[in-house]
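J.: Structure provided below as structure tokens; questions to follow.
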Amino acid sequence: MGLSNVEAGIRNEAGIETVIGVLRQRLGDRLQTGEALRAQHAHTTTYIPGQSPDAVVFPESADDVKMIVRCCADHHVPVIPFGTGSSLEGQVNAPHGGISIDMTRMNRVLEVNAEDLDCTVEPGVTREQLNSDLRDTGLFFPIDPGANASIGGMTATRASGTNAVRYGTMRENVIAVTAVTASGEEIRTARRARKSSAGYDLTRLFVGSEGTLGVLTSVTLRLQGIPQAISGGVCPFPTVEAACNAVIMTIQMGIPVARIELLDALQMKACNAYSGLSYAEGPTLFLEFHGTDAGVAEQAELFSEIAAECGGGEFQWTKEAERRTELWKARHNAYWAALQLRPGAKGVSTDVCVPISRLAECVSETQADIASNGLIAPIVGHAGDGNFHVLVLMDTDNPAEIAAAEAFIGRLNARALAMEGTCTGEHGIGQGKQPYLSLEMGEGVSVMRQIKQALDPKNIMNPGKVFSFEP
């Protein structure tokens, strides 16, 4: 990772000017070229600099998307899909310029099939909006990446989150998508059946493609029944290793934990200060169990026994919704809490994922790396998946600090790969992690380029993301 990897690409000035003129005639004020709005559509929550599109358009239907893409394809102009802008690796930047397709007006829940536990939504629907609409059906959509991301963006980046240990990631919860490809044609990748042996798995091809193969126009999702009861709590541990051992034992014993999150001592200090909590400032697990009243109580008691065996402190758990909400609000605010550890600094959020048997080793080595290099970098993790995040706080006006942060992130990714892990559990590749994709996938990247060549030969779909590609 490095700023040197984030380069401006070749611009098609004549094509961009033509496309803006054509789309302005067809869309009217649903095409905007104001500088502030364009800058917002290059928004990134890391230190990767923004690269603004030349215009932002607001489609209201799949037909609008097809028309926009066809116009861009005719003139070789880049298309950058935009959901809510919460991606972390520069996925919404426009290094070659082009047209940002803002999907926020395509925000309808198209169909809910309660008996089949599925629904179909437009890509601009956010996860909070969806769960609000589903509440009266007794169903919910479980994937929770923290931010109120759009379903289209979550699908495109193969999002995950705190519930993934029980409910899986977007990979397991997307049944089908419709997408407009670079030719301007809309395709459907699957039907609603829960399994199929019909041809290539096109759904999984688009899930995680980061907008480089097409623009999503609908997503069909698996749903879950709202649990009868939920319990949650906090358990301190003397070391990260002890906490990770408790996680491994919990998973291996088959306890159906819904969330099991690891916060290191520094992150707990930040959360206490930011959210007004008073928990011990040491390695800590946040947990949640879903099921019946008797089931969640039994699961909590079983975990208490595991925690004690691993040297943990008292597991403070509750079924009271208000207390659980307070707990998980503090967890979701971990990013903002961590920024207060060094006021004025910016945070570089990065993630890796390893087999859970290597999690303690990877986190411990990472903490030693942080300490030996004098960095301020709290750690949080979706421990049940072996996925953890590090937020490196630095002065982005100080080249020495940037270099130190980039070198650390390089070592972190190398460490995860050496442990048979991945350079990203859920942030995606975008611009920031491209150097590590080839290290992880080897010749597999060549196959990805062949797929890109077949579906997007003009390289108009979110160019400059995931891997370098020259048509």
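J.: Out of residues 5 or more away from Ser150 or on other chains, whose amide H comes under 5 Å of its own, with H placed 1.01 Å from N in the peptide plane?
T.: Thr84
J.: Considering only protein heavy atoms and a probe of 1.4 Å, how much of the accessible area of the chain is carbon and sulfur, as a whole percent?
T.: Here carbon and sulfur together make up 49 percent of the probe-accessible area.
J.: Ordering Leu341, Leu327 from largest to smallest accessible area (1.4 angstrom probe), what's the sequence?
T.: So, going from the largest accessible area down, we get Leu341, Leu327.
J.: Below 8 Å, C-alpha to C-alpha, sequence gap of six or more: please give me the relative contact order for segment 1-127 in percent.
T.: Value for segment 1-127: 26 percent.
J.: Here is a further query. Considering only C-alpha atoms, what is the centroid distance from segment 85-112 to segment 236-261, in Å?
T.: So the separation of the two Cα centres works out to 36 Å.
J.: Now for a different question. Using only the alpha carbons, work out the radius of gyration and Dmax of the chain in angstrom.
T.: Values for the chain (Cα only, Rg and Dmax): 22.3, 69 Å.
J.: Among residues other than Ala73 whose Cβ falls under 11 Å from its Cβ, what is the net charge (Lys/Arg +1, Asp/Glu -1)?
T.: 0
J.: Shifting gears a bit: Ordering Glu298, Glu470 by accessible area with a probe of 1.4 Å, largest first, what comes out?
T.: Reading off the accessible areas and sorting them downward yields Glu470, Glu298.
J.: Further question: Considering the zone a paramagnetic label at Gln25 would reach in this model (a point 7 Å from Cα along the Cα-to-Cβ line), which residues of segment 171-207 have amide N under 13 Å from it?
T.: none
J.: Also, I was wondering about something else. So how strong a dipole does segment 255-387 carry about its Cα centre when Lys and Arg Cβ are +1 and Asp and Glu Cβ are -1, to the nearest 20 debye?
T.: Around 620 debye, computed over segment 255-387.
J.: How high is the FRET efficiency between Lys319 and Glu13 when r is their beta carbon distance and R₀ equals 56 Å, given to the nearest 0.05? Walk me through the numbers before you get to the answer.
T.: Working: r = 61 Å, r/R0 = 1.09.
After rounding, the FRET efficiency stands at 0.35.
J.: Restricting everything to alpha-carbon atoms, can you work out Rg to Rh for segment 111-189 with a Kirkwood hydrodynamic radius?
T.: Taking Rg over the Kirkwood Rh, I get 0.97.
J.: So what's the back-of-envelope 222 nm ellipticity for the chain, counting only DSSP H runs of four-plus at -39500 (n - 2.57) apiece and dividing by all residues, rounded to 500?
T.: After summing the helix terms and dividing by the residues of the chain, the value is -11000 deg cm²/dmol.
J.: Leaving ligands, DNA and RNA out of it, rank Lys458, Lys66, Lys465 by accessible area with a 1.4 Å probe, largest first.
T.: Output order, biggest surface exposure first: Lys458, Lys66, Lys465.
J.: When the C-alpha atoms of segment 57-112 are aligned to their principal axes, what extent does each axis show, in angstrom, from largest down?
T.: Each principal axis gives a Cα extent; for segment 57-112 these are 38, 30, 14 Å.
J.: Continuing with the same structure: Can you give me the accessible area per residue for the chain, using a 1.4 Å probe, in Å²?
T.: Normalised by residue count, the accessible surface of the chain is 41 Å².
J.: 5 Å is the cut-off here: which amide hydrogens, built 1.01 Å from N in the peptide plane, fall below it relative to Ile376, excluding neighbours closer than 5 in sequence?
T.: For Ile376, whose amide H was placed from the backbone, the distant partners under 5 Å are Leu393.
J.: How big is D for segment 218-324, in µm² s⁻¹ as a whole number, if Stokes-Einstein is applied with the Kirkwood radius of its Cα pairs at 37 °C and 0.692 mPa s?
T.: 227 µm²/s
The values are calculated or read from the model by the stated rules, or taken from the named source; none is laboratory data. In this text, all values refer to a predicted model and were calculated from it rather than measured experimentally. Positions of Cβ are generated from backbone atoms using ideal geometry, with glycine treated the same way; all protein chains shown enter the neighbour counts. Accessible surface areas use protein heavy atoms only, side chains included; no ligands, DNA or RNA. Shrake-Rupley method; radii C 1.70, N 1.55, O 1.52, S 1.80 Å.
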